[in-house]
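Asks: First the structure, which I've put down as structure tokens, then a few questions once you've had a look.
The values are calculated or read from the model by the stated rules, or taken from the named source; none is laboratory data. Since the structure is predicted, the reported quantities are computational estimates derived from the model, not experimental observations. Glycine gets a Cβ as well: all are built from the backbone with ideal geometry, and neighbour counts include every protein chain shown. In case anyone asks, the SASA skips ligands and DNA or RNA and just uses the protein heavy atoms, side chains included. Shrake-Rupley method; radii C 1.70, N 1.55, O 1.52, S 1.80 Å.
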Amino acid sequence: MAVTTEFDVDFDGTVAVITGASGALGSATVDRFRAAGATVCAVDVIPPADEDSSLEVDPADEPGLAFYEADLTDEDDVAALMDAVVDDHERIDHLVNIAGTWRGGDHIEDTDLAEFELLVDVNLKTAFLASKHALPHLREAAGSIVSISARSSLEGGAGDGPYRITKAGIRLLTETLAEENRGTVRANCVMPSVIDTPMNRELMPDADHDEWVAPGDIADVLAFLCSDGAVVTSGAAVPVYGEA
């Protein structure tokens, strides 16, 4: 059973870049940061008008929300994205790296190189490039980065090794960012178990969905890690397992 937490986070006057914003977790995080008063720059390759988008608002009609379509695996696109955000909003205070995907089912010897490269690109390269090009602006704002790892990244497993490898890379990227930017930019990540999304319910219809963690609850943790309440926390990998 999902438990919704209630706490005050004040992001008034701040600008948050949220990648993977059109997905279930991304859209919940957009809502959470906007509710806290942030100007949200939602980033995805899927625009809000697309039937696969979970963003239920039109950024053109919503104050405090702007949408940027970008290929986060392309460095030129990412550099241009961060420049555009700063041109439009003058600063970046928070970077939330949510863009990602899951693939699994095959052992290493049966995994196509294209599938491995897809997971590296979407899960790890996007977070690397977004962090790299946001950092100069985040340093100016004494800002924060929070990314999405996974509980399964804590150990190897049969059938979804490439996914686990890329999510373990997120933890190491987070620790590296925290060490290299100590005292200027905080970097943390969260490790969900199974997120309660329509896609996961479709993939696992017979699972106990009450044990899964709701996107809104994860969004609460992401907001907290970017807030002044977590000002002493950097380099952490926070479990967000629900009851799983």
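Asks: Is the shape of the chain best called rounded, prolate or oblate, per the rule: a/c under 1.5 gives rounded, else a/b larger than b/c gives prolate, else oblate, with a ≥ b ≥ c the square roots of the Cα gyration tensor eigenvalues?
Replies: Details: a/c = 1.38, a/b = 1.30, b/c = 1.06.
Rounded shape, in that the Cα axes give a/c under 1.5.
Asks: Multiply the residue gap between residue 207 and residue 184 by 0.36 nm, knock off their C-alpha separation, and tell me the result in nm, one decimal place. Present the calculation step by step, with values, prior to reporting the outcome.
Replies: Numbers: separation 23, 0.36 × 23 = 8.28 nm, distance 4.27 nm.
Going from the current span to full extension adds 4.0 nm.
Asks: Residues with amide H under 5 Å of residue 147's amide H, sequence separation 5 or more or different chain, H placed in the peptide plane at 1.01 Å from N; which?
Replies: HN-HN under 5 Å from residue 147: 97, 188, 189, 190.
Asks: Does anyone have the angle between helix 215-226 and the longest principal axis of the chain? Alpha-carbon axes, 0 to 90°, nearest 10?
Replies: The angle comes out at about 50 degrees.
Asks: Could you compute the net charge surrounding residue 185? Neighbours are other residues with a C-beta less than 14 Å from the C-beta of residue 185; K and R count +1, D and E count -1.
Replies: 0
Asks: Relative to the longest principal axis of the chain, what angle (0 to 90°, nearest 10) does the C-alpha long axis of helix 161-180 take?
Replies: 30 degrees
Asks: Taking the Cβ-Cβ separation of residue 50 and residue 115 as r and a Förster radius of 25 Å, what is the calculated FRET efficiency to the nearest 0.05? Working shown, then result.
Replies: Working: r = 24 Å, r/R0 = 0.94.
Computed FRET efficiency for residue 50 and residue 115: 0.60.
Asks: Estimate the FRET efficiency between residue 140 and residue 107 by the formula 1/(1 + (r/R0)^6), using the beta-carbon distance for r and 51 Å for R0, to the nearest 0.05. All intermediate terms of the calculation are to be shown ahead of the outcome.
Replies: Working: r = 46 Å, r/R0 = 0.91.
That pair, residue 140 with residue 107, gives E of 0.65.
Asks: A further question follows. Of 205, 66, 35, which is farthest towards the positive pole of the chain's charge dipole, taken about the Cα centre with +1 and -1 on the beta-carbons of Lys, Arg and Asp, Glu respectively?
Replies: Positive-end residue among those listed: 35.
Asks: Let me ask something additional. In sequence order, what are the phi-derived ³J(HN,Hα) couplings for the stretch 96-101 according to the Karplus relation 6.51 cos²θ - 1.76 cosθ + 1.60 with θ = phi - 60°, rounded to whole Hz, with x for glycine and proline?
Replies: Computed from phi, the couplings for the stretch 96-101 are 10, 8, 10, 3, x, 7 Hz.
Asks: Before anything else, pin down the relative contact order of the stretch 15-240: Cα pairs under 8 Å, at least 6 apart, normalised by residue count, whole percent.
Replies: Details: 426 pairs, mean separation 44.6, N = 226.
This gives 20 percent for the stretch 15-240.
Asks: Separation of the stretch 62-96 and the stretch 131-156 by C-alpha centroid, Å?
Replies: Cα centroid to Cα centroid, the span is 15 Å.
Asks: Looking at the chain, which longest stretch skips every one of the GluC sites (Glu not before Pro) that is in a DSSP loop with at most 16 other Cβ atoms within 10 Å, leaving the sites themselves out? Before the final figure, lay out each step's value.
Replies: Values: sites that count: 6, 51, 56, 90, 155, 243.
Between exposed loop sites, the widest span is 156-242.
Asks: Okay, moving on. Sorted by accessible area with a 1.4 angstrom probe, largest first, how do 167, 125, 132 fall?
Replies: Values: 167 10, 125 75, 132 95 Å².
Largest to smallest exposure gives the sequence 132, 125, 167.
Asks: Rounded if a/c is under 1.5, else prolate if a/b beats b/c, else oblate: with a ≥ b ≥ c from the C-alpha gyration tensor eigenvalues square-rooted, which is the stretch 91-230? It would help to have the intermediate numbers written out before the result.
Replies: Details: a/c = 2.42, a/b = 1.48, b/c = 1.63.
Oblate.
Asks: Report ³J(HN,Hα) in whole Hz for each residue of the stretch 79-84, in order, from the Karplus equation J = 6.51 cos²θ - 1.76 cosθ + 1.60 where θ = phi - 60°; Gly and Pro get x.
Replies: Rounded to whole hertz, the list is 4, 5, 4, 5, 4, 5.
Asks: In deg cm²/dmol, rounded to 500, what helix-only [θ] at 222 nm does the chain give when every DSSP H run of at least 4 residues adds -39500 (n - 2.57) and the total is split over its residues? Intermediate values should be presented prior to the final figure.
Replies: Details: 7 runs with 88 residues, N = 244.
Calculated at 222 nm, the ellipticity per residue is -11500 deg cm²/dmol.
Asks: A further question on this structure: Could you give each residue of the stretch 106-116 its phi-based ³J(HN,Hα) in whole Hz, using Karplus coefficients 6.51, -1.76, 1.60 with θ = phi - 60°, and x for Gly or Pro?
Replies: For the stretch 106-116, the Karplus-derived couplings read 10, 6, 3, 5, 9, 8, 5, 4, 4, 5, 4 Hz, x marking Gly and Pro.
Asks: Where the only charges are on Cβ atoms (+1 Lys, Arg; -1 Asp, Glu), what is the dipole of the chain about its Cα centre, to the nearest 20 debye? Before the final figure, lay out each step's value.
Replies: On the way: 14 positive and 47 negative charges, 213 e Å.
Around 1020 debye, computed over the chain.
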